[in-house]
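Inspection log for the structure reproduced underneath, given as structure tokens.
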Amino acid sequence: MPNSNYQISVPGKLFIAGEYAVLEPGHQAVVIAVDRYITATIKNRSEGNKLSLPQLGLLDVTWSGYGGKANYSVSDQRLRFIQNTISLVDQYLQEKSVELRPFELNVTSELDDKDSGRKYGLGSSAAVVVGVVTAMLHYYSEKKSHISTELIFKLSAIAHLRTQGSGSGADIAASVFGGWIKYSSFQPDWIFNQLKQGVSIGELIEKPWPKLLIDKITPPKQLNLCVGWTRTAAATAPMINKIKGLRDLSPTLYSKFLQESSTAVANLVRGFEEDDCLVAIDSLKENRDALIKLSDVADGTIETPMLTKLVLVAEKYGSGKSSGAGGGDCGVAFVKGNSQVEQLHSAWKQATILPLDLTVSQSGASVVDTKTV
């Protein structure tokens, strides 16, 4: 068999609308892929597996064994997403009677600030998982036509869920499919129950996943998306835990939030379908209002003072809101027309908000194959 080098590019993501609500079955969000990428390169190796993540200072990490029996030369929590992903793909391939062989894997990222190393909040763990899954499937598969986006998504979602223990999978969907996506989550409890019941990974991939919806959507022609960074990183888990607490302690308030979020997302999608800029701009504000109320009753901080500043500046030109879990990271804004973009960027800079030069990546995970004999 000839040696093969595969280079995988995987876009990061940004939530536009529907955060938190998307964690509940049947509730939708809008998420995008952005043109900052994780790059994973994989190539044949004569003996022993090797992994390098140069930006983390993890070079030439080796391991022996496959699946859950792999032994790594380095013990580091930062490797857990990659280790769990390799283990899961090993398991899937062994179910398919694929003979496993050593490889060398290198992962680099554009999803963090190159000067400070601080995260923008572009979904780096999800993009890394998608990159590893895509790289391994192409490395081992002789028939590339068998590698579907659905297969990559589901394997990545399982690996990410196993590692993190929760999540909607929207960031996975953005990285796999690219573009603007209307998304409704699968049910994590259903995935865990299937695995506990002994369902194989291959069987789980083949089954329909309850409530899962991944649809491409197209924004209005005159709508411009702007992204601003607060220069602080956010911790997602604490806020999610507070929201879960509200769901249990105040179900009526939580249900009201879900209804308001659903209405805002439905209006956003309608604005897209009708090519109506103003409806889209208004719907973003609706979703922000719902999140502010949620934050207040949950005694959390979805919108930090810097994110509030970002939004108030954006509202002079269109509308804005936090993106993702909030508590830092990025905010997004909708404006109509290119002149509004320039004015907003200038105003953000004066408010010490850093405009990010991001555009929507229309393609998801992509593969370049260079073969050497």
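The values are calculated or read from the model by the stated rules, or taken from the named source; none is laboratory data. What you are looking at is a predicted structure, and each value in this text was computed from that prediction instead of being measured. Note: ideal-geometry Cβ built from the backbone for every residue, glycine included; neighbour counts use all protein chains shown. Keep in mind that these areas ignore ligands, DNA and RNA; they rest on the heavy atoms of the full protein, side chains included. Shrake-Rupley method; radii C 1.70, N 1.55, O 1.52, S 1.80 Å.
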Per residue, how much accessible surface does the chain expose to a 1.4 Å probe? Answer in Å², no decimals.
44
Would you tally the net charge around Ile191, using a Cβ to Cβ cut-off of less than 13 Å, leaving Ile191 out, and scoring K and R as +1, D and E as -1?
+3
Residue order for Asp282, Asp275 - accessible surface, 1.4 angstrom probe, largest first:
Asp282, Asp275
Using only the Cα atoms of the chain, what are the Rg and Dmax in Å?
20.8, 64
Starting at 0 and stepping by 10 Å, how many percent of the alpha carbon pairs of the stretch 137-289 end up in each bin?
9, 28, 35, 22, 6, 0
What percent of all Cα-Cα pairs in the stretch 231-373 falls into each 5 Å bin, going from 0 up to the bin containing the maximum distance?
2, 9, 16, 18, 18, 15, 10, 5, 3, 2, 1, 1, 0
Hey, rough spin-label estimate for Glu342 and Thr359, points 7 angstrom out along Cα→Cβ, what's it come to in nanometres?
1.7
Test item: Cα-centred dipole of the stretch 190-321, Lys/Arg +1 and Asp/Glu -1 on Cβ, debye:
400
Between Ser166 and Arg78, Cβ-based FRET efficiency (R0 22 Å, step 0.05) works out to 0.70
Using amide H atoms built in the peptide plane, which far-off residues or other-chain residues are under 5 Å from Ile217 H to H?
Trp180, Ile181, Lys182
For Val368 and Asn44 in one chain, what is 0.36 nm times their gap in residues minus the Cα-Cα distance, to one decimal in nm?
115.1 nm
Can you tell me the orientation of helix 338-350 relative to the chain, as the angle in degrees between its alpha-carbon axis and the longest Cα principal axis, to the nearest 10?
90
Area of Lys43 that stays accessible when all protein chains are in place (1.4 Å probe, Å², to 10):
90
Given Gln77, Val279, Leu161, which one lies farthest toward the positive end of the charge dipole of the chain, if we put +1 on the Cβ of every Lys and Arg and -1 on the Cβ of every Asp and Glu?
Gln77
Going residue by residue through the stretch 188-205, the Karplus relation 6.51 cos²θ - 1.76 cosθ + 1.60 with θ = phi - 60° gives ³J(HN,Hα) values, rounded to whole Hz and with x marking Gly or Pro, of x, 4, 5, 4, 4, 5, 4, 5, 5, 6, x, 5, 5, 4, x, 5, 5, 5
Here the gain from full extension of Gln187 to Lys293, 0.36 nm per residue of separation minus their alpha-carbon distance, amounts to 35.6 nm
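Kindly rank 305-318, 214-227, 186-199 from highest to lowest mean number of other beta carbons found within 10 Å of each residue.
Those peptides, ordered most packed to least, come out 305-318, 214-227, 186-199.
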Evaluate Rg over Rh across the stretch 56-163, taking Cα atoms for both radii and Kirkwood's formula for Rh.
0.96
